[in-house]
Structures are given as structure tokens and as C-alpha cells.
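> Got a structure here, written out as C-alpha cells. Questions coming.
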Amino acid sequence: MRKTLGSASSLLSIQIHDIESRLAATTFNQHQGRHWLIALARGNCSLRSTRLNLELEGGQIAWIPEEANVNAVFDASTRAIVAAIPPDVLIRTMPDGAPGEDLPIYLRYPFSQTSSDPNMMKLAVSYLLTMKEEVYETKPGSEQMLSNICSLLFVHVWRHLHRDSTARPIPRSVVDRFIALERRHRTEHMTIGSYADKIGVTRDKLAAEVRKATGLSPRAYMHRELMREARELLEVSALQVAQIAFRLGFSDPAYFNRFFTRYADINPGKYRNRARRQKNQESNSFASWP
């Protein structure tokens, strides 16, 4: 599964709210920097913002991107699970293949979906409650569990979006296709010309479109994403630096060392040691709280 830049604790910063109030409505405000995934097992929910007016009913799953900044009101007797997900977690747990190509485009927009499969809601609630347990009762391997569960959830969401004829159509711009292809072929170190050929445009056209959308050349974008994944592996995995190099498609660990140092101004080994020291300092500071 693909991973990108993010602190080692970003998965553990996912917030899971289990809502089951029988007597009164429950109100939630979406905080900036958090996507929402809502599983509404029963009852009703109103989502409001300056740009959104959405009514949910029991049996629906909804996605609310961070920019929506919604106010949610869950009626009395409603049962819902709300996952508040940091943006970098969304990126690093995106599944490979077709789901990973489509979802980054779908998830730019709010949507709700009703599954024809009654087990879908049970499965979503089960996944989210397992995530809650992993977040609040941290165990060995919790980050790996959270990463895998998030990916599975996104695959299930994609399946139902893919079957939903009313879902927003997937736009296929040059940049969308480049980003999807880069994710799929990142460790193959393809040339810009190869990407242009697969998309069906010239190198100049590809460069112009990618720079307009991202502010980066295609090569710079590819290197940025490769560095994100390298940092992530150095921060959270137990792989040796040479193993990380091979995993990222570098046939020569020494070349990976030079590549990483060029962009980070520090070699991979020292970067890993620094990241671990910072994590230990954060852990100690939390431990000293009353």
C-alpha cells in the first residue's frame, strides 16, 4: 500500500466519535484539517455549511472533505460513527490500482451513498470501531492496523461509488491522469516521455499542465512524492536503509543515499535517527503531563 510523508503519529491522530444519544440531539463542528467519514447506522443527520446542505438517513455513508467546514446535527436516537481523518492520512493510506486512481478525485467533493448490501454498514461500523480501539488503546502494530483498515474502507467506498450511476463522473484531465499514473508507477522511475505517451500528450503539454496545477515540473513532482514515501518509510518502518532503497526502485543504495541527501540536506540514516529522537521527546513530554 502506498504511503507518503506524514509524522509517525499521524495515523494515531485519527479521531473516532461514537454517537449514540437516545434523549437529545448531538452537534458536531468539523475542524479545519480534518476530513469526515460518517457511517449512519440509524436515525437522521443534517450537515450544513455555507456551501453544503445535506440530509442523511440511516444506512448511509457520507464523505465530507476538510474544506466543507460543516456543522452536523445528529437527531436523538441516532447511531453514527464519525472518523475525523487528517489529510496526510488520506494520502498515505490510499489503495493501489483503480481505487487509488479514482478516489482522490471523488474525495474532493462531499457525497453520501446508500448501500444495497445490508452488510456494508455493519462492516463499516466494525472497521471504524476497530480503528477507535487501535487509536485509544495503542498496541504493537497499531499504525499498520490503522493504515490497512483505512485502505479497506476506501476500497469499499470506491466499490459502491463505482456501481452508483448517480455518482459524480470522474474527470480525466491530463493532471489527474498523471497523478494516478505516478502513484501506480512511482518505483519504476519512468521517464517524463513515458508518462506523456501513456496519457497521449506531448512532453511540453504535460509539463505545462502539471506546472499550472502544482507549481512543479513533472520531474519535481515525482521527486517530491518519492521523497515523501522515503521519509515515511524511514520514520515508521524497521527496514534498513538499503531495503528502503530497493523498495523504492533504486538498484543502488548509494544512489538512494545521494538522492535523499540532495533533497533533505541530511542522509537517510541521520534523518531516521533525528526523527526517532523527536518522537521520543514528544512521548516524554506527554508522559510528564499531570
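The values are calculated or read from the model by the stated rules, or taken from the named source; none is laboratory data. Please read these numbers as outputs of a predicted model, since none were measured by experiment. All Cβ positions, even for glycine, are placed from backbone atoms using ideal geometry, and neighbour counts span all protein chains on display. To get the accessible areas, we keep the full protein, side chains included, count just its heavy atoms, and leave off ligands, DNA and RNA. Shrake-Rupley method; radii C 1.70, N 1.55, O 1.52, S 1.80 Å.
> Sort region 8-54 into rounded, prolate or oblate with this rule: let a ≥ b ≥ c be the square roots of the eigenvalues of the Cα gyration tensor; rounded if a/c is under 1.5, and if a/c is not under 1.5, prolate when a/b is larger than b/c, oblate otherwise.
It is oblate, given that a/c is not under 1.5 and a/b is not larger than b/c.
> Hey, can you grab everything whose amide H is under 5 Å from the amide H of Gln60? Only 5+ residues off in sequence or another chain; H modelled, so Pro and N-termini drop out.
Leu40
> Right, here's the next one. Just check region 110-244 against the gyration tensor rule for me: Cα atoms, a ≥ b ≥ c as the square roots of the eigenvalues, rounded for a/c under 1.5, and otherwise prolate or oblate depending on whether a/b exceeds b/c.
Oblate.
> Would you mind getting the accessible area per residue of the chain, heavy atoms of the protein chains only, 1.4 Å probe, in Å²?
Ligands and nucleic acids excluded, the figure is 51 Å² per residue.
> Alpha carbons only, please: Rg and Dmax for region 1-92, in angstrom.
Just the Cα atoms of region 1-92 yield Rg and Dmax of 13.8, 43 Å.
> Enter the Cα centre distance for the pair region 98-135 and region 243-273, rounded to the nearest angstrom.
35
> Tell me the carbon and sulfur percent of the accessible area for region 40-135, rounded to whole percent, probe radius 1.4 Å.
49
> If you plug each phi of region 40-49 into the Karplus form 6.51 cos²θ - 1.76 cosθ + 1.60 with θ = phi - 60°, what whole-Hz ³J(HN,Hα) values come out, in order, with x for Gly and Pro?
9, 6, 7, x, 9, 9, 10, 10, 9, 7
> Determine, for each peptide in 238-251, 144-157, the mean count of other beta carbons within 10 angstrom over its residues, then list the peptides with the highest first.
Result, highest mean Cβ count within 10 Å first: 144-157, 238-251.
> Sorted from largest to smallest, which semi-axis lengths in Å does the alpha carbon gyration tensor of region 53-100 give for its equivalent ellipsoid, taking the root of 5 times each eigenvalue?
In descending order the semi-axes read 25, 14, 10 Å.
> Divide by every residue of the chain the summed helix terms, -39500 (n - 2.57) for each DSSP H run of at least 4, and state the resulting mean residue ellipticity at 222 nm, rounded to the nearest 500 deg cm²/dmol.
Value at 222 nm, helices only, nearest 500: -16000 deg cm²/dmol.
> Seen from all sides and averaged, what is the projected area of the convex hull of the Cα atoms in the chain, in nm²?
The directionally averaged projection comes out at 17.4 nm².
> Right, another one. Using the Cα gyration tensor of region 35-164, with a ≥ b ≥ c the square roots of its eigenvalues, what is the shape: rounded (a/c below 1.5), prolate (a/b larger than b/c) or oblate (neither)?
Rounded is the answer for region 35-164, as its axis ratio a/c remains below 1.5.
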